[in-house]
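Visitor: Below is a structure I'd like to ask you about.
A short reminder: the numbers here are calculations on the coordinates, not readings from a lab. Note that this is a predicted model, so its numbers are computed, not measured. No Cβ is skipped: glycine too gets one built from the backbone with ideal geometry, and neighbour counts run over all protein chains shown.
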Amino acid sequence: MIKAIIFDFDGTIIDTETAWYITFRDAYKTHGVDLTLEQYSQCLGTSLHSFNPYTHLKTHHNLPIDLEEFKQFVQQQHTDMMIKESVRPGILKLLESAKSQGLKIGLASSSGRAWIDRFVKLHGIEDYFECYCTADTVQNVKPDPELYLQALEKLDVEASEAIAIEDSPNGARAAVAAGIPTIVIKNDITKLLPFSEGHHTIETLAKYELEELIELVQQKVHSN
């Protein structure tokens, strides 16, 4: 019996990830450095501890850049790109279906709450979520399962009673590690990355009704 859906945010609800990579890649090019997707993927869906794209040019390439100026430039470029971005296909339909059918809805994101609030308010979806588990509420972000375990606790459901919606390898690993049946909808960036196993991958949410998603994860559980 599925009682809840827990969404990742960046790359899943809104594709902020593609814009981030393009912005950093282009900014690095102006300094004569090639930022590969393989390198950038180290910070996708997780913290900046393994790879910090804001400081890498200075710490690893010894370029004499003003870090604050570089950060402001990148963030402004990203903001300009995100103005054109909308909620990913099928997200609004799934949120509305889950709400109308009485499912609990949570959000589990490695991003900070202030960043998330900015976009959920912009797109008018903030009231769908009963809990916001973010980098501000845990000690360890994805791929650690803490965010998802916290969301389960706040929603008062068991892992087997929830579905996680993810887009990235780190996010999928976190949800699967928490024991939650997981559906991955890759975006333009994450579709190029290697994923571990244990989840179900679909091309787009737009082609699925809520009942079909529940059937998908239940079939996977029964086949394991």
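Visitor: For THR201, list long-range residues whose amide hydrogen, built 1.01 Å from N in the peptide plane, is under 5 Å from its own amide hydrogen.
Guide: VAL184
Visitor: Only Cα pairs within less than 10 Å get springs; with that Gaussian network setup on the chain, which residue of ILE202, ILE14, ILE163 has the largest fluctuation?
Guide: ILE202
Visitor: So, one more: Starting at the first residue of segment 171-187, write each ³J(HN,Hα) from the Karplus equation 6.51 cos²θ - 1.76 cosθ + 1.60 with θ = phi - 60°, in whole Hz, x for Gly and Pro.
Guide: Result, rounded to whole Hz: x, 5, 4, 5, 5, 5, 5, 7, x, 8, x, 10, 10, 10, 10, 5, 9.
Visitor: Right, something else. If the cut-off is 20 Å between C-alpha atoms, which lysines fall inside it for LYS58, apart from same-chain ones fewer than 8 positions away?
Guide: Here the lysines satisfying the reach criterion relative to LYS58 are LYS29, LYS71.
Visitor: Dividing the Cα convex hull volume of segment 17-82 by residue count, how many Å³ per residue is that?
Guide: Values: hull volume 5.5 nm³, N = 66.
Residue-normalised Cα hull volume stands at 83 Å³.
Visitor: Which percent of Cα pairs goes in each bin when the distances of segment 87-169 are cut into 10 angstrom slices starting at zero?
Guide: Computed distribution, short to long bins: 16, 52, 31, 1.
Visitor: Also, quick follow-up: Evaluate the charge dipole of the chain about its Cα centre and quote only its size in Debye, nearest 20, assuming +1 on the Cβ of each Lys and Arg and -1 on the Cβ of each Asp and Glu.
Guide: 220 debye
Visitor: With only Lys, Arg, Asp and Glu charged, each at its Cβ (+1 for the first two, -1 for the last two), find how big the charge dipole of segment 92-203 is about the Cα centre; round to the nearest 20 debye.
Guide: Value, rounded to 20: 260 debye.
Visitor: Which of the three applies to segment 135-215, rounded, prolate or oblate, going by the alpha-carbon gyration tensor with a ≥ b ≥ c and a/c under 1.5 meaning rounded?
Guide: Oblate is the answer for segment 135-215, as a/c is 1.5 or above yet b/c matches or exceeds a/b.
Visitor: If you don't mind, there's one more thing I want to ask. Give me a comma-separated list of calculated 3J(HN,Hα) values for segment 66-71, in order, Karplus coefficients 6.51, -1.76, 1.60 applied at θ = phi - 60°, integers in Hz, x for any Gly or Pro.
Guide: Each residue of segment 66-71 in turn: 7, 4, 5, 5, 5, 4 Hz.
Visitor: Just want to confirm a number: the relative contact order over the chain, from Cα pairs under 8 angstrom separated by 6+ residues, in percent.
Guide: 26 percent
Visitor: To make sure I understand the rule: partners must be aspartates and glutamates, Cα under 14 Å from the Cα of LYS142, and not fewer than 8 residues away in the same chain. Which ones qualify?
Guide: Leaving aside aspartates and glutamates fewer than 8 places away in the same chain, those within reach of LYS142 are ASP8, ASP10, GLU166, ASP167.
Visitor: Still on this structure, I have one more. Would you grab the residues whose amide H sits under 5 Å from the one on ALA164? Only those 5+ places off in sequence or on another chain, please, with H modelled 1.01 Å from N.
Guide: Residues meeting the criterion, in which the H sits 1.01 Å from N, are ILE6, THR182, ILE183.
Visitor: Return the lysines within reach of LYS93: Cα separation strictly under 21 angstrom, same-chain partners fewer than 8 residues apart disregarded; answer none if there are no such residues.
Guide: Answer for LYS93, where 21 Å is the Cα cut-off: LYS3, LYS84, LYS104, LYS121, LYS186, LYS207, listed by chain and number.
Visitor: Percent relative contact order of segment 31-127, based on C-alpha pairs within less than 8 angstrom and at least six residues apart?
Guide: 20 percent
Visitor: Kirkwood Rh over alpha-carbon pairs of the chain, then Stokes-Einstein at 4 °C and 1.567 mPa s: what D in µm² s⁻¹, rounded to an integer?
Guide: 72 µm²/s
Visitor: For segment 146-186, report the translational diffusion coefficient in µm²/s to the nearest whole number, using Stokes-Einstein at 20 °C, 1.002 mPa s, and a Kirkwood Rh over Cα pairs. Could the numbers behind the result be given before it?
Guide: Numbers: Rh = 10.0 Å.
Answer from the Stokes-Einstein relation: 215 µm²/s.
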